[in-house]
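**Student:** Please see the structure below; I have some questions.
The values are calculated or read from the model by the stated rules, or taken from the named source; none is laboratory data. The model shown is predicted, which means the values in this text are computed figures rather than measured ones. Here the Cβ is made from the backbone with ideal geometry for all residues, glycine too, and neighbour counts use every protein chain on show.
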Amino acid sequence: MDRPRKCCISFEQMQDKGILQNAPTYSHNIKACVDLGIPDEGQCIYAETLKKRLEDEVLIGNMLIYMYVKYGSLQIGEEVFVYCLSPF
């Protein structure tokens, strides 16, 4: 089994067991979704980070930029980039 798929399975198992995820867990799973060609799932995971107030995490921002640019949403990728540069 390839690494992105393992990452997604592990993420789902963590959720099923009630294990709290952190920014690195979310960012790796967003990247796995991109690598597997399922950016919609990556966006769903990003929505979870918003609910948990993790949107300011640099790792998550980097993966979002990667996801949006890879799938041709350059404007959204740029907006995320600018947001990441803004002072909190």
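**Student:** If I ask for residues that are within 16 Å of Gln21 (Cα to Cα) and more than 9 Å from the chain's Cα centre (by Cα), which ones from region 49-76 would you list?
**Tutor:** Result: Leu50, Lys51, Lys52, Arg53, Leu54, Glu55, Asp56, Glu57, Val58.
**Student:** Please identify the pairs in which a residue from region 54-79 that is among the small types (Gly, Ala, Ser) has its Cβ atom under 7 Å from the Cβ atom of a residue that is part of a helix (DSSP H, G or I), counting only partners at least 6 apart or on another chain.
**Tutor:** So the pair list comes out as Gly61/Val80; Gly61/Cys84; Gly77/Ile65; Gly77/Tyr68; Gly77/Val69.
**Student:** Scan region 35-44 and tell me whether some residue there is modelled with pLDDT of 90 or more, closer than 16 Å to Ile65 by Cβ, in contact with a Leu (Cβ under 9 Å, 6 or more places away or on another chain) and surrounded by 16 or more Cβ atoms within 10 Å (Cβ to Cβ).
**Tutor:** no
**Student:** May I ask you to say which residue of Leu54, Leu20 is in contact with a helix residue (DSSP H, G or I) (Cβ under 6 Å, 6 or more places away or on another chain) and not in a helix (DSSP H, G or I)? Walk me through it before giving the result.
**Tutor:** Details: Leu20 fails: in contact with a helix residue (DSSP H, G or I) (Cβ under 6 Å, 6 or more places away or on another chain).
One residue alone meets the criteria, Leu54.
**Student:** Here's a follow-up. How many of the residues making up region 1-35 are more than 19 Å from Glu55 (Cα to Cα) and small (Gly, Ala, Ser)?
**Tutor:** Number of matching residues: 2.
**Student:** Let me ask something additional. Going by the structure shown, is Ile45 part of a helix (DSSP H, G or I) and β-branched (Val, Ile, Thr)? Even if it seems obvious, please write down each step before you answer.
**Tutor:** On the way: part of a helix (DSSP H, G or I): yes; β-branched (Val, Ile, Thr): yes.
For Ile45, the condition - part of a helix (DSSP H, G or I) and β-branched (Val, Ile, Thr) - is met.
**Student:** Just to be sure I understand, how many residues within region 6-24 are closer than 25 Å to Val82 by Cβ and crowded, with 18+ Cβ neighbours inside 10 Å?
**Tutor:** The qualifying residues number 1.
**Student:** Please work out which one of (1) of a type outside the set (Asp, Glu); (2) part of a loop (DSSP other than H, G, I, E, B); (3) touching a helix residue (DSSP H, G or I) at 6+ places or on another chain (Cβ under 8 Å) is the condition Gly72 fails and give its number.
**Tutor:** In the conditions (1) of a type outside the set (Asp, Glu); (2) part of a loop (DSSP other than H, G, I, E, B); (3) touching a helix residue (DSSP H, G or I) at 6+ places or on another chain (Cβ under 8 Å), Gly72 misses (3) alone.
**Student:** Are any residues in region 15-67 on the phi < 0 side of the Ramachandran plot and small (Gly, Ala, Ser), and if so, which ones?
**Tutor:** To start, the set of residues in region 15-67 that are on the phi < 0 side of the Ramachandran plot comprises 15-17, 19-36, 38-52, 54-67.
The answer is Ala23, Ser27, Ala32, Gly42, Ala47, Gly61.
**Student:** In region 75-87, how many residues are surrounded by fewer than 15 Cβ atoms within 10 Å (Cβ to Cβ), outside any loop (DSSP other than H, G, I, E, B) and not hydroxyl-bearing (Ser, Thr, Tyr)?
**Tutor:** Start the filter on region 75-87 by keeping residues that are surrounded by fewer than 15 Cβ atoms within 10 Å (Cβ to Cβ), which leaves 75, 78-79, 82-83, 85-87.
Still in the running and outside any loop (DSSP other than H, G, I, E, B): 75, 78-79, 82-83, 85.
Those still in the list that are not hydroxyl-bearing (Ser, Thr, Tyr) too: 75, 78-79, 82, 85.
Total meeting the criteria: 5.
**Student:** Could you count how many residues in region 37-88 are under 19 Å from Cys8 (Cβ atoms) and of a type in the set (A, V, I, L, M, F, W, C)?
**Tutor:** Number of matching residues: 10.
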